[in-house]
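Undergrad: Please find one structure pasted underneath; my questions will follow.
No lab work stands behind these numbers, since they all come straight from the coordinates. It should be emphasised that the depicted structure is a prediction, and the values quoted were computed from it without experimental measurement. Every residue, glycine among them, receives a Cβ derived from its backbone with ideal geometry; neighbour counts consider all protein chains shown.
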Amino acid sequence: MSHSILRTLAYCAWISVAAVTGVQAQTPPSAAMLPDFTGIVEKNAPAVVHVEAKYTGKNQMAQSGQGMPDDPQTEILRRFFGMPMMPSPEEQKHTSLGSGFIISADGYILTNNHVVDGADEVTVRLQDRRTLTAKVVGTDPKYDIALLKINDGGSLPAVSIGDSRSLKAGQWVLAIGSPFGFDYTVTQGIVSAVGRNLGQQDQPYTSFIQTDVPINRGNSGGPLFNLQGQVVGINSQIYSNTGNYMGVSFSIPIDVAMSAIQQLKTKGYVSRGVLGVEVQPVTDDMAKAFKLSNATGAAVVSVTAGSAAERAGIQAGDIILSYDGKPLMQASDLPPLVGMTKPGTKVPLQILRGGAKQNIEVAITELPRDDQAVDGSAQAGASPQSSANALGLTVQALDAATRKQMGLGPGLGVAISNITGEAAAQAGLQPGDVILLVNQQKITGVAAFRDALRGIGPGNTVLLLVRRGTQNSFLALTVPPGH
């Protein structure tokens, strides 16, 4: 018996029971509560476009750096193109497919940067099957958005822009796009979470909308609608170990995108605020060491010289608890908030220092457009002076040349020369690492290190700020029994 027959029989049985019991037959409550998306689709589908980006062999190599690894053992975040159409090897070209949507009647189109990045030619196909050449007006890789422009000579249908800041988990949302090249495919689901941050390597300046809307390759750059038929997001990434939908999808909030689009129109680039700190999450062990009731906030591991943070007096070892009145539940909450702040704005911060909360004001500066993270490593040279302690660490003073090479202030830090403690080894400490702080106290030499650990006994948690090469990180060590 087919599934459709079974469903029909089940429905007839429901009516029969209602008739026997005298209850008035009506549509089952569960069906009555489901939203009807047909009006949203009919109104907005004409403003959704199919995007094709064509690449030469040279640009194909450059663009393939954004490709998606196919390790079946690892779930990864994936940006999604459409199915590539591969011509003959002699032509050395390929075309990637994506989606987009018209945001104004004069032909401006919003899509993802990774759909068109490095393309030699971009075309869009409208619902009436016309194909038009699109000009890339501007792009922003950090937000992963691109602004296109087509010239139609007439008035084009455009979407209505909503307010992504009002979205709440559990609300219905709808996507329209071209998964696998199937134009105007409609899928629906709910908002799973808002303000989802994906970490330093995956658009750290974006707080994503997480949904369970089925989106796949080719949906990238397409619109996400609310029940009012307004665009609230741009479909951008999925979480998958296959490259296809597995129940978790991410969209860029439309408020973020429209702010960036306005800047691309007016000045050709997107400016962001910068605080000038490197932060890491507050772990449970760190919360214990800082005497916090829960592991929230962003732990400052380094402060950039001359930055807004340094001018405001922020120090390595501080815990940033809130930014502009918004509590930081995790360290990754901070970059999107700072990035969206207009340079020059004075912002209140609440920090924890030495067990006490402080309120400070920071004048946010502009992130340099060519800002890049610098990776480096350096072994710490040391003088013969050393000291052992309950953590099983032997440390030595740094010489001036090594301190200068590592960018440390005068007298700051001691280098680990030997590790005998099990807790220190399990925490990943290595000879050559430099200890800058112990329980938020600056370490200016071996004596200061020894003094900072005085009175620390078995079961106590010690918080260290450690530099390896040019990177700082906090480590919390618990003194084992017998020391």
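Undergrad: Among the lysines, which fall within straight-line cross-link reach of residue 54, defined as a Cα-Cα distance under 21 Å, with same-chain neighbours fewer than 8 residues apart omitted?
TA: Residue 54 reaches 93, 135, 149.
Undergrad: Once you keep just the Cα pairs under 8 angstrom separated by 6 or more residues, what percentage relative contact order results for region 314-355?
TA: Numbers: 34 pairs, mean separation 24.7, N = 42.
Reported relative contact order: 59 percent.
Undergrad: Let me ask something additional. If we sort 232-240, 436-444 on the protection proxy, mean other Cβ atoms within 10 Å, highest first, what's the order? Spell out each step's value before the answer.
TA: Working: 232-240: 25.6, 436-444: 19.8.
Highest-to-lowest ranking by the protection proxy: 232-240, 436-444.
Undergrad: Going by average Cβ neighbours within 10 Å, how do the peptides 221-229, 251-259, 322-330, 119-127 rank, with the highest at the top? Please report the intermediate quantities before stating the final value.
TA: Details: 221-229: 24.4, 251-259: 22.9, 322-330: 15.3, 119-127: 17.7.
The packing order, highest mean first, is 221-229, 251-259, 119-127, 322-330.
Undergrad: At 7 Å along the Cα-to-beta-carbon direction for both residue 454 and residue 45, put a label point, then send me their distance in nm to one decimal.
TA: 7.8
Undergrad: Given 0.36 nm per residue, what is the gain on full extension from residue 186 to residue 155 after removing their alpha carbon distance, in nm?
TA: Full extension of this stretch gives 8.7 nm more.
Undergrad: Output the pairs from 346/442; 288/326; 168/267; 291/442 with a Cα-Cα distance over 25 Å in this structure; if there are none, say none.
TA: On the way: 346/442 28 Å; 288/326 23 Å; 168/267 33 Å; 291/442 19 Å.
Flagged as over cut-off: 346/442; 168/267.
Undergrad: How much length, in nm to one decimal, is gained on full extension between residue 422 and residue 310, taken as 0.36 nm per residue of separation minus their Cα-Cα distance?
TA: On the way: separation 112, 0.36 × 112 = 40.32 nm, distance 3.61 nm.
Extra length available between residue 422 and residue 310 comes to 36.7 nm.
Undergrad: Measure off 7 Å from each Cα along the Cα-to-Cβ vector at residue 34 and residue 137, then give the distance between these two points in nanometres to one decimal.
TA: 3.9
Undergrad: Let me ask something additional. What distance in nm separates the two pseudo spin-label positions at residue 284 and residue 359, each 7 Å out from Cα along the beta-carbon direction?
TA: 3.4
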